[in-house]
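Asks: Pasting a structure here, questions to come.
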Amino acid sequence: MPGSLRDVVFVDGVRTPFGKAGAKGIYAQTRADDLVVKCIRELLRRHPELPPERVDEVAVAATTQIGDQGLTIGRMAALLSGLPKSVPGFAVDRMCAGAMTAVTTTASGIASGAYDVVIAGGVEHMGHHPMGEGVDPNPRIVAERLVDTSALVMGQTAENVHDRFPQISKERCDAFAVTSQRRVAEAYAAGRIQRDLVPVATRSAEQGWGLATADEPPRPGTTLADLGTLKTPFRPHGRVTAGNAAGLNDGATACILASGETAAELGLPVRMRMVGYAFAGVEPEVMGVGPVPATEKALRRAGLTIDDIGLFEVNEAFAVQVLAFLDHFGIADDDPRVNPDGGAIALGHPLASSGVRLMTQLARHFEDHPEVRYGLTTMCIGIGMGGTVIWENPHHADYGTEVQAA
């Protein structure tokens, strides 16, 4: 192994269109493992310069690792994708940050010399496997008051974040949600999102075969008046609604990571370079604040400050948690650097898959903004955590030069 850490680069990422979970969703009769297999095959199709036998690992995340998301899904996906049987694989679970953790874990292996090329991603079929299916929380969690009982219901944790930050009103959250819907609609109209998507053949016993080519959840034209009429299911007279939170979704993502020297050897494109990452724990009952300490830790370790970050991809599990992050760092609700093409409130959040969606969108933004050197992807994580990855833009004039300590 090398005596010093190697650069880790993001070569490419793709995802399926995201669907609505449930019997009427586009993937109701499509297997979860087939969704992630479609992503892996698309990456290999887009990059014929990558010999399949050069893939050293396949890491696939799923929050509910049973049924068509079980049996060590990373290995199963590698086999089903047609990769050589010599290519190993494993499964990852960090709830919403599963795919993010698949990336950071394998990236650490690349940096240390254990891998040269990996495929990392995630899948969640919430229609087949609702959040919490089959779990058996230890009763000591509640009996010994290690956490508040609301910590196990994500919507209730979002209401708790509202309690902690009363300046984040329902009206602000609804306005943020409207902006997310509008930005997604504008990105679709401009053809920006489509290039990230891999079409998926779908099956319905009632309607026959179909082809999923666009995300199902977005509601273009959503207005504040529309959102004002929605119920608050997690608390009477609450502030969290189906309109200012991500829905229940099905979908998958995958990306190729490589060492910088391997990318150069094989002629693989470099869309981003990983600068650093961090995960942090917070009180589980306010899990939505997790991105704040995770980002502070990642910035500190990278020798950067928030002012060095020119683009942000923040997972929109709930509008209130994004706004808590923005308030902490003094960023405006409608800052164009934050989720320029919208986020999970409109696109959907198939739990373990979302981390790579954030990365794929950030890589695309880097291409359009060579003046931006650093960007980050960040998300809150169930049971009280946050995760942040900092990336460098290869199109920036100073790319690859020494990071100056803050």
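Asks: Which residue, ILE345, ILE306, ILE390, tops the fluctuation ranking in a GNM of the chain built on C-alpha contacts under 10 Å?
Replies: Comparing ILE345, ILE306, ILE390 in a Gaussian network model of the chain, the most mobile one is ILE306.
Asks: Oh, and also: For region 1-51, what are the per-bin percents of Cα-Cα distances with bins 10 Å wide, up to the bin holding the maximum?
Replies: Bins of 10 Å from zero give 20, 33, 25, 15, 6, 1 percent of pairs.
Asks: Kindly rank 373-383, 66-76, 231-241 from highest to lowest mean number of other beta carbons found within 10 Å of each residue.
Replies: Details: 373-383: 26.5, 66-76: 18.6, 231-241: 15.9.
Going by the mean number of other Cβ atoms within 10 Å, highest first, we get 373-383, 66-76, 231-241.
Asks: Could you size up the charge dipole of region 94-236 around its Cα centre, putting +1 on the beta carbon of Lys and Arg and -1 on that of Asp and Glu, and report it in debye to the nearest 20? Can you show the working numbers first?
Replies: Details: 14 positive and 16 negative charges, 60 e Å.
The dipole magnitude comes to about 300 debye.
Asks: Right, something else. Semi-axes of region 290-393's equivalent ellipsoid from the Cα gyration tensor, sqrt of 5 times each eigenvalue, largest first, rounded to whole Å?
Replies: Result for region 290-393: semi-axes of 18, 16, 13 Å.
Asks: Computing the accessible area with a 1.4 Å probe over protein heavy atoms, can you report the carbon and sulfur percentage for the chain? Kindly include the intermediate steps, with their values, before the conclusion.
Replies: Details: 8540 of 16010 Å².
Answer for the chain is 53 percent, counting heavy atoms of protein chains only.
Asks: While we're on this one: So if we plug the beta-carbon distance of ARG337 and ALA242 into 1/(1 + (r/R0)^6) with R0 = 30 Å, what FRET efficiency do we get, rounded to 0.05?
Replies: On the way: r = 27 Å, r/R0 = 0.91.
Result of the calculation: an efficiency of 0.65.
Asks: Using a 1.4 Å probe, what is the accessible area per residue for region 112-248, in Å²? Intermediate results must be reported in sequence, preceding the final value.
Replies: Numbers: 7260 Å² over 137 residues.
Per residue, region 112-248 has an accessible area of 53 Å².
Asks: Ok, one more. Computed over the Cα atoms, what is the radius of gyration of the chain divided by 2.2 N^0.38 Å, N being its residue count? Intermediate values should be presented prior to the final figure.
Replies: Details: Rg = 20.0 Å, N = 406, 2.2 N^0.38 = 21.6 Å.
Dividing the Cα radius of gyration by 2.2 N^0.38 Å gives 0.93.
Asks: Within the chain, which is the longest segment that contains none of the GluC sites (Glu not before Pro) sitting in a DSSP loop with at most 13 other Cβ atoms within 10 Å? The partial results should precede the final answer.
Replies: On the way: sites that count: GLU49, GLU133, GLU144, GLU206, GLU371, GLU402.
Here the longest run is 207-370.
Asks: For labels at THR232 and ARG45 in the simple 7 Å Cα→Cβ model, what's the distance in nm?
Replies: 4.7 nm
Asks: Taking a point 7 angstrom from the Cα of ALA190 along the C-beta vector, which residues in region 200-220 have backbone N less than 20 Å away?
Replies: Residues 214-215, 218-220 fall inside that zone.
Asks: Efficiency by 1/(1 + (r/R0)^6): what FRET value for ASP327 and GLU367, r their Cβ-Cβ distance, R0 = 35 Å, to the nearest 0.05? Kindly include the intermediate steps, with their values, before the conclusion.
Replies: Values: r = 30 Å, r/R0 = 0.85.
FRET efficiency, ASP327 to GLU367: 0.75.
Asks: How long is region 350-394 along each principal axis, judged by its Cα atoms, biggest number first, in Å?
Replies: 37, 17, 10
The values are calculated or read from the model by the stated rules, or taken from the named source; none is laboratory data. The shown structure was predicted, so the numbers you read here are calculated from the model rather than taken from an experiment. So basically every Cβ, Gly included, is an ideal-geometry build from the backbone, and we count neighbours across all protein chains shown. For accessibility, only protein heavy atoms count, side chains too; no ligands or nucleic acids. Shrake-Rupley method; radii C 1.70, N 1.55, O 1.52, S 1.80 Å.
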